[in-house]
Structures are given as C-alpha cells and as structure tokens.
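One structure is given below, encoded as structure tokens.
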Amino acid sequence: MGIVSCESSNSRIPVHVSSIAHQLFIAGSASGWGRYDDAAVVKVYETLTGVKVEGKPPLLSKEDVLHSLPAEWPEDPMDDLVSVASRNSKKIVVVLDDDPTGTQTVHDIEVLTEWPVEALVEQFLKLPTCFFILTNSRSMTADKAMLLVQTVCRNLEAAAKNVPGVSYTVVLRGDSTLRGHFPEEADAAVSVLGEMDAWIICPFFLQGGRYTINDIHYVADPDRLIPAGETEFAKDAAFGYKSSNLRQWVEEKTRGRVSEKRVSTISINLLRKQGPNAVCQHLYSLEKGSVCIVNAASEKDMAVFASGMIQAELKGKKFLCRTAASFVSARIGIKPKPPICPNDLGLKRALTGGLIVVGSYVPKTTKQVDELRSQCGQSLRVIEVSVEMVSMKSTEDRDQEISRVVELGNAYIQNRKDTLVVTSRQLITGKTPEESLEINYKVSSALVEIVRRIDSKPRYIIAKGGITSSDIATKALEARRAKVMGQALAGVPLWQLGPESRFPGVPYIVFPGNVGDNSALAKVVQNWASPSRISTKQLLLNAEKGGYAIGAFNVYNLEGVEAVVAAAEAENSPAILQVPITVHYDHGTSKSDLLQALEMGFDSVMVDGSHLTLGENILYTKSISSLAHAKGLLVEAELGRLSGSEDGLTVEEYKARFTDVAQAEGFIDETSIDALAVCIGNVHGKYPPSGPNLKLDLLKDLRALTLKKGVSLVLHGASGLPRELVQECIDLGVRKFNVNTEVRNSYLESLKKSGKDLIQVMASAKEAMKAVVTEKLHLFGSAGKA
C-alpha cells in the first residue's frame with residue numbers, strides 16, 4: 001500500500017481514491033482475504049494510472065501442478081521413428097556440450113574432448129546414432145566461445161564431406177538452469193552451418209527437477225516449483241538473468257533482437273492432446289529463422305516433441321537446438337538403465353582411496369559438501385584449497401598452496417582414504433563477468449595442477465561442477481576421448497576414460513553442480529568408497545549368523561602378517577590378526593612418510609626435524625602436529641641432536657647438539673607437541689667405554705619447562721644406561737625411554753647359535769628379545785601397571 005500511495009501521489013491521483021483503496025485493503029485483510037485484496041488494490045492502481053504492474057511468477061506446489069496437467073500422450077512414438085530416421089538419412093546427432101554434465105541421460109555414447117578433422121572423420125565412419133564433443137565453452141568469454149563453436153562446426157563440415165552419404169545435426173547442449181552463452185553460440189553455429197528454419201529452446205531436465213510449464217521455466221526444490229529467475233542460478237556472476245518466462249528470457253538474452261512476441265511456443269496441451277503430428281505441423285509452419293520454446297513436464301513430453309521434430313526434419317526442415325540433457329536422450333531414442341555400481345565394473349577391492357574434487361560454487365554444491373562431511377566424516381579426508389591463495393595472491397603463494405594439497409592428497413590416497421579436495425566456500429567474484437570468469441579459470445587451473453601432480457592412482461574420481469569436471473578430464477588426466485558408461489546416480493554421468501589417459505580404467509564420475517538433493521554427493525561417495533575394515537565384533541556376528549568360525553592367528557613379524565592376509569585373500573575368508581600392541585612411528589624425517597603413517601593406524605608419531613634449522617624444524621613439526629591432532633594422535637618431536645647410529649643413520653659427535661631450554665619453550669608453543677625428545681648427552685647405539693655422561697642439570701630445567709607446558713619428556717638412547725641413572729631420569733620427569741640396540745643385539749646373538757631349524761630359531765630369537773624387554777619394563781617401573 002505504501003507503493004500504491006506513493007505512486008498515486010506521483011501520478012496526481014486524488015487522495016480520497018487512494019484512501020478508499022487503502023480502506024478496502026485493510027477491510028479485506030481483516031476478513032482474511034489477503035491474497036485477493038492485494039490483487040484488487042493492484043487492479044485499482046492499474047486502472048487509475050494505466051500502468052501495468054509486473055508481478056513475479058508464484059512458487060507452486062510441484063505435486064499440484066503436475067497433477068493438474070492433461071494426461072500424457074498414450075503412445076511411445078520414438079522406437080520405430082528413430083531407427084527409420086537414422087537409416088534413411090544417416091543423420092548423426094552431434095552434441096556440442098558446453099560442459100561434461102550433458103551426458104547425464106545417455107549411456108554407451110562416446111565423448112570427444114578434441115575435434116581435429118581426422119578424429120571427426122573417424123567418428124563419422126562408425127555411423128553412430130550420436131556422439132558428444134566436449135567444448136567446455138561455458139568456462140570461456142563469449143568471444144572465445146563463439147570462435148570455438150565456429151571452429152568445431154567448420155571441422156564437422158570438412159569431416160562430413162569425407163564420409164559419403166553422411167549428414168548430421170548439431171545440438172547445443174546447455175545448462176538446464178539457463179546459464180551459458182546464448183545466443184552467442186547459436187549465432188556462431190549458424191554463421192558456419194547456414195541459417196536454420198528455427199532455433200529450438202528446450203531446457204527441460206527431469207533428473208534435475210527442471211520443468212517448463214506455460215512458458216515458465218521452473219526449478220524443483222524439492223516439493224515446490226520455483227521460477228528459474230528467482231533461484232540462485234539466475235544470480236550467476238557470468239550468466240545471470242531475470243526472466244523465468246522463456247519467451248521473455250529469449251528477448252532478454254538477445255537484448256531485444258528477438259522480441260517475446262516473435263517467439264513461438266509448443267505447449268504441453270499440444271504435446272499431450274495432439275501428439276507428434278501436431279508438433280511436426282507446428283514446426284513445419286514456422287517462418288524461417290524463428291525461435292521456438294518447448295514446454296515439457298515428463299520424459300514422454302520430450303519423446304513426443306522429438307518424434308514430431310524428426311518428422312519435420314525428414315521433410316527437409318533444419319533446426320538448431322539449444323537444450324538440456326533430456327532432449328538428447330529423447331532425440332536418439334535411448335532407454336534409461338539403472339545407476340552403475342562398483343561391482344558392475346568389476347571394482348571390488350582397491351589398494352588406494354578415491355579422489356573427490358569440488359570446484360562448483362552453487363549453493364546446492366556447498367550444501368552437498370556439508371552433508372558429505374557430516375555423513376562420511378570418520379572415513380573421509382578433507383583438504384580445503386584456499387581460493388584466495390590460488391587466485392588472488394602471488395605466484396609463490398599459489399605454488400605453495402598447490403604443493404601442500406598435492407602432498408596431503410598423495411599420502412591419503414595411497415593409504416586407502418577417500419579424499420575430498422574442495423575449494424574454500426567463500427565465493428570471490430570480479431567486477432565484471434569477464435573478471436569473474438578469469439578468477440574461475442585460475443581456480444580451475446589450480447585444481448588441474450593438483451590432480452595432475454597426484455601420482456597415486458585413485459580407486460575412483462568424482463569431479464563436482466561442470467567446468468571442474470571438464471578441465472580435470474582433459475587437462476589433468478589428459479583424456480582425448482571417453483565412453484559414457486551410464487550414471488552413478490540419476491543425472492550424474494559415469495565415464496570410462498580412454499587408454500591414452502593418465503588413469504585408464506579408473507571410473508570418472510561427472511557430478512553436476514546443480515543436480516541432486518543435499519545428500520546426493522554423500523550417496524555416491526558411499527557407493528564408491530573403498531570398503532572399510534570390518535570390526536572383530538561384526539566378523540563374529542556374521543559367523544554366528546552363518547554357522548561358521550573365524551580363525552585368529554598370532555603373528556610376530558611381517559612374514560607372519562603377510563602369510564595370514566595372503567591366505568585369507570586367496571580363500572576369500574575372514575581372519576583375525578592377534579597383535580595386542582600399540583604402534584608408534586619413530587624418527588619421521590620424511591614428511592610424505594609421516595603423512596602416510598597418519599593414515600595407517602599408528603597411535604603416535606615422532607616428527608624428527610633435528611637435522612633441520614630451528615625455523616625449518618618448527619614449520620615441519622607444526623604442519624604434521626596439526627594433522628595428527630585432528631586424528632587424536634600423540635605427537636613427539638626432537639629438539640637438539642643425538643650422536644651415534646640408528647637404523648643406518650650415523651650422526652658424528654661434533655654434529656650433536658644439546659637441547660636449548662629457551663628454544664624448547666618457543667618450539668613447544670609454536671608446534672603444540674605432546675612429547676619432547678631431548679638431547680642431554682644421550683646417544684643412539686653404544687655409549688663410549690667411559691660410560692654415559694648425561695647433563696642432569698639440563699634435564700632438570702627441561703623438566704620444569706615441560707611440566708609447565710603439559711608436555712611429556714622422552715629420552716632416546718636408553719640402551720646401556722645403568723639402573724641408577726635410569727632411576728634418576730625417571731625422578732627428573734622422563735616418561736618414555738626408547739630402547740633399540742639391546743633388543744636388536746639379543747636377536748642377532750640368538751641367530752649365531754647353530755643346529756636349530758627355522759621354528760627353533762624364531763622361538764629362540766623371540767625369547768631373547770622378550771628377556772631384554774622384560775628386564776627393561778621392570779627397570780622402568782611399568783611392570784604390573786597395565
């Protein structure tokens with residue numbers, strides 16, 4: 001009413017008329033007629049001023065709208081017609097796909113990612129019903145997209161001339177939410193292929209919940225139909241629009257070149273009540289150069305339209321179609337098949353994890369990523385790529401961020417962890433659509449570089465977002481062609497990349513940014529994830545149900561573990577390894593090894609940067625500490641450097657360094673470690689004949705510091721320490737001793753005794769080591785404390 005009163009004043013409408021309208025409004029509202037009296041007030045205003053008020057299309061109940069439509073056309077018009085059309089004209093449907101998600105509704109169709117004339121000739125010679133050319137033009141500026149489409153069309157023309165009797169029709173597959181380069185790509189195609197009888201606009205896509213009814217294009221979410229112009233897709237930085245009415249959308253996108261009055265419509269009434277022949281007559285009667293939009297609310301509607309269009313083509317008409325994915329499957333008469341699962345491809349057990357790469361920024365994707373992390377948080381490893389670092393910062397910052405992600409990704413995948421590489425969710429846009437596309441390019445190229453440098457072959461790859469999935473396939477994985485096997489989920493294509501690609505045979509799942517409910521991504525990951533290790537409890541429950549028993553095998557070395565696992569795999573049998581110990585990863589001098597250790601089930605790790613400068617040691621230790629703590633692992637680090645030999649590494653005495661208390665305080669604060677291995681004169685290996693010379697005063701100062709910081713003291717080199725000195729160290733706060741040399745020596749000494757077979761040798765060695773360990777447990781005071 002405020003708007004009405006203001007506009008009435010501006011238009012010099014008598015105050016009493018506005019006042020009466022206001023009173024009518026209040027009276028109607030009081031009677032509960034809000035919806036109607038609002039409209040009445042608007043009608044009064046329009047009548048008095050002659051100004052038409054343009055309202056937004058309302059949100060509708062999906063169920064109510066679909067039930068209100070006429071019954072579908074009763075016949076299936078496609079089966080015979082498609083085969084007749086293909087046989088009579090050898091007309092091949094060539095789909096120029098502006099991103100890889102256009103294969104959402106097809107299977108057993110080839111996709112080319114390159115389009116030289118010789119490759120197109122090879123494809124035409126196969127006489128396929130259809131093939132796709134992945135242009136990825138949606139990631140480009142309009143000028144570049146036009147040049148690309150012109151190049152592809154010229155190459156198609158040249159290739160077709162080399163294959164006698166072959167003809168083709170081009171489909172420009174675009175986004176079902178109306179984003180992309182229209183009319184630029186259509187103009188580019190026509191500039192090479194010649195003027196068409198009509199452009200066909202058909203964005204219906206059932207699997208994505210996209211419906212066109214009464215010329216309004218809707219997006220289902222999930223029980224309502226939302227006009228496309230009111231969704232987040234219409235606010236796209238590069239391809240935004242306002243109109244939900246497709247006739248008005250054509251006028252908006254062509255900037256008035258094609259007015260809505262000149263846009264023809266094929267209604268749902270025509271499709272469902274009059275059928276394919278009426279479609280053919282309508283298309284045949286269009287003036288040359290017309291634009292025609294297609295309403296559709298079901299796959300049958302699409303089939304009816306495609307049948308009528310084929311009839312018109314057989315009569316000599318030429319059309320250029322700008323459509324979503326559903327039209328393509330209808331046009332070639334392909335029948336849907338159930339989603340593909342790992343077993344369908346023979347993918348049972350893998351030694352690596354899967355890779356999920358997410359670059360899409362639409363709100364639906366962000367919700368899906370959140371749900372994925374919520375449902376799969378325990379088994380999923382998440383690496384967030386800073387968009388600011390890779391698109392707005394220096395080249396050095398960009399390279400460091402990429403290297404960080406690659407390092408983590410390789411470690412996780414090698415250790416059978418499904419790994420999510422996701423761009424930070426804060427959307428960064430430019431001041432113009434061109435600047436926004438440039439930022440998108442920088443982010444996409446960073447993801448490409450990351451995947452290119454990941455050398456661990458994943459169990460599967462999921463690429464989320466159209467631009468992302470195209471660039472990953474073509475640039476990172478170097479695929480020149482692929483075969484669409486089917487869908488991993490409704491509307492989610494699954495490809496098999498060509499043998500020339502970096503990871504041939506690895507399932508490549510192209511997940512559109514705007515498809516599926518919030519849990520869709522989590523469902524796909526759960527379906528394709530590496531099988532998790534089953535618990536002992538579940539093994540025994542399964543045995544109870546099946547009436548069998550589980551073998552539990554004691555193992556004492558690597559050979560024993562390998563033997564049990566190999567036998568169980570060969571016989572496809574469950575088994576239990578009895579290893580009642582906790583495992584600590586000692587002296588981690590390699591970051592990649594430590595990253596793998598974090599994924600292998602270790603209970604604690606030692607980050608050994610003692611060979612580095614203090615600053616380098618801090619950075620090295622801090623990077624591992626944060627990751628380990630996220631998994632609940634204890635982190636030990638070393639400050640100072642021990643002399644002596646261990647595991648083949650020798651540190652000369654002159655290179656040894658005592659631990660500095662002041663440095664230790666800063667080191668602990670910076671790295672947040674849980675345990676500190678100190679150097680106070682202790683050595684790896686054997687002590688000199690004069691015996692150990694530990695600086696207990698230094699140990700006392702370090703104890704005071706670590707007690708204040710809540711950090712445990714660790715002493716390496718406990719082999720050879722006298723009982724009295726060990727007790728003094730315990731009294732001064734040492735809570736962990738590392739023992740190596742005495743245990744190994746006892747093993748080697750036992751092997752020198754001859755006259756024994758393998759079983760006796762192993763038993764003797766075990767007893768020799770056990771005796772040393774037992775003596776140490778008593779020495780350390782831990783016996784009886786478990």
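Quick look at the numbers
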{"quantity": "Whichever residue in the stretch 363-375 is open to solvent by less than 50 Å² (accessible area, probe 1.4 Å) and out of contact with any helix residue (DSSP H, G or I) (no Cβ under 6 Å at 6 or more places or on another chain) and, among such residues, is farthest from ASN415 (Cα to Cα)", "calculated": "LYS364"}
{"quantity": "Criterion: outside any helix (DSSP H, G or I) and closer than 20 Å to GLY354 by Cα - qualifying residue of LYS393, LYS431, LYS457", "calculated": "LYS457"}
{"quantity": "Count - residues of the stretch 119-145 that are among the hydroxyl-bearing types (Ser, Thr, Tyr) and in a loop (DSSP other than H, G, I, E, B)", "calculated": "3"}
{"quantity": "Qualifying position, being at pLDDT below 90, within 16 Å of ALA463 (Cα to Cα) and within 19 Å of the chain's Cα centre (by Cα), among ASN415, ASN440", "calculated": "ASN440"}
{"quantity": "Selection within the stretch 202-242 - of a type in the set (Val, Ile, Thr) and more than 27 Å from the chain's Cα centre (by Cα)", "calculated": "THR212, ILE213, ILE216"}
{"quantity": "Options LYS776, LYS766, LYS753: the member that is open to solvent by 60 Å² or more (accessible area, probe 1.4 Å) and not in a loop (DSSP other than H, G, I, E, B)", "calculated": "LYS766"}
{"quantity": "Breaking point among (1) surrounded by fewer than 12 Cβ atoms within 10 Å (Cβ to Cβ); (2) at pLDDT below 85, for GLY615", "calculated": "(2)"}
{"quantity": "Residue list for the stretch 489-514, filter: open to solvent by less than 20 Å² (accessible area, probe 1.4 Å), in contact with a helix residue (DSSP H, G or I) (Cβ under 7 Å, 6 or more places away or on another chain) and more than 13 Å from ALA463 (Cβ to Cβ)", "calculated": "GLY491, ASN514"}
{"quantity": "Residues of the stretch 699-735 satisfying the condition of being touching a helix residue (DSSP H, G or I) at 6+ places or on another chain (Cβ under 9 Å) and assigned to a strand (DSSP E or B)", "calculated": "SER712, LEU713, LEU715, VAL734"}
{"quantity": "Selection from the stretch 128-140 of residues that are of a type in the set (Ser, Thr, Tyr), at pLDDT 90 or above and within 16 Å of ASP471 (Cβ to Cβ)", "calculated": "THR135, SER137"}
{"quantity": "Top-ranked residue in the stretch 658-673 [being modelled with pLDDT of 90 or more and part of a loop (DSSP other than H, G, I, E, B); ranked as surrounded by the most Cβ atoms within 10 Å (Cβ to Cβ)]", "calculated": "ILE673"}
{"quantity": "Filtered residues of the stretch 376-405 (kept if under 26 Å from LEU437 (Cβ atoms) and crowded, with 18+ Cβ neighbours inside 10 Å)", "calculated": "VAL385, SER386, VAL387, MET389, VAL390, SER391, ARG398, GLU401, ILE402, VAL405"}
{"quantity": "Pairs, first under 10 Å from ALA446 (Cα atoms) in the stretch 396-414, second not in a helix (DSSP H, G or I) and not hydrophobic (A, V, I, L, M, F, W, C), C-beta under 6 Å, six or more apart", "calculated": "GLU401/SER386"}
{"quantity": "Any hit, the stretch 144-153, residues being out of contact with any Leu (no Cβ under 6 Å at 6 or more places or on another chain), within 26 Å of LEU246 (Cα to Cα), open to solvent by 30 Å² or more (accessible area, probe 1.4 Å) and basic (Lys, Arg)", "calculated": "yes"}
{"quantity": "Every residue from the stretch 324-370 that is aliphatic (A, V, I, L, M) and modelled with pLDDT of 90 or more", "calculated": "ALA324, ALA325, VAL328, ALA330, ILE332, ILE340, LEU355, ILE356, VAL357, VAL358, VAL369"}
{"quantity": "Qualifying positions in the stretch 686-732 - buried (at least 16 other Cβ atoms within 10 Å of the Cβ), over 13 Å from LEU639 (Cβ atoms) and touching a Ser or Thr at 6+ places or on another chain (Cβ under 8 Å)", "calculated": "SER712, SER719, GLY720"}
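The values are calculated or read from the model by the stated rules, or taken from the named source; none is laboratory data. Since the model is a prediction, treat every value here as computed from it, not as a measurement. No Cβ is skipped: glycine too gets one built from the backbone with ideal geometry, and neighbour counts run over all protein chains shown. SASA here: full protein model, heavy atoms, side chains in, ligands and nucleic acids out. Shrake-Rupley method; radii C 1.70, N 1.55, O 1.52, S 1.80 Å.
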